[in-house]
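The values are calculated or read from the model by the stated rules, or taken from the named source; none is laboratory data. In this text the structure is predicted, and so the values were computed from the model without any measurement. As a convention, Cβ positions derive from the backbone with ideal geometry for all residues, glycine included, and neighbour counts pool all protein chains shown.
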Amino acid sequence: MSGTLNKVMLIGHTGDDVKMHYFEGGNSLGRFPIATNETYTNKATNERVTNTEWHNIVVRNKAAEICEKYLKKGDMVYIEGRLKTRKWQDDKGMDRYSTEIHCTDFTFLTPKGDSNNSANSSSGQNTQKPQPSSAPQNNNQVSEEEDDLPF
C-alpha cells in the first residue's frame, strides 16, 4: 500500500473550557485539552493503577465556535482528527515541539442542562434497543434446544 493514514479517535473529558483565537477575515481557532485514562491492575502489587494522558485539541472556524458554546470543563467528548506537530521557540530561543490533534469531527457525549431529561429518555431508549437484541439471543437458545430433539 503506497498511501498513508493519519487518523486519531479519542473519547475523553475536557480539561478546560475552549480558548478561542480570532483572526482577520473572520477565521477562528479553538484550543482545549482532553484527558484519556488507561486503567490496569499491577500484577506485582495487585493494586489498580490509572494513567492519564493529555491531548491538545485544535478546532477551526464554525466547529470552534460550536465547541466554545457547548463544551465546558469536565464534559465528555468524542474527537476525530489527525496528528500535527508544531514547532515553536520558547523565551530562551530554544526550539520546542508540540503535538496536537487537529479535529475534523466531534460528538458531545455529556448531556446538557435541561436536556438531561430528554437525553436520559433517549438514552433510556438506547438501553432499550439492546434488550430486543438480547431477545433474539434467547430465541437462539430456544433454537438450540430444538436442535436437541431426536428427530
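Remarks
- In region 1-42, residue surrounded by the most Cβ atoms within 10 Å (Cβ to Cβ) [restricted to those that are aromatic (F, W, Y) and more than 12 Å from G74 (Cα to Cα)]: Y22
- Some residue of region 78-88 being assigned by TED's automatic domain parsing to the domain that holds H21, within 18 Å of I11 (Cα to Cα) and buried (at least 16 other Cβ atoms within 10 Å of the Cβ): yes
- Annotation: of all residues in region 78-93 being free of Cβ contacts under 8 Å to residues at least 12 places away in the same chain and acidic (D, E), the one that is nearest to A64 (Cα to Cα) is D90.
- So H55, is it modelled with pLDDT of 95 or more, surrounded by 15 or more Cβ atoms within 10 Å (Cβ to Cβ), of a type outside the set (A, V, I, L, M, F, W, C) and in a strand (DSSP E or B): yes
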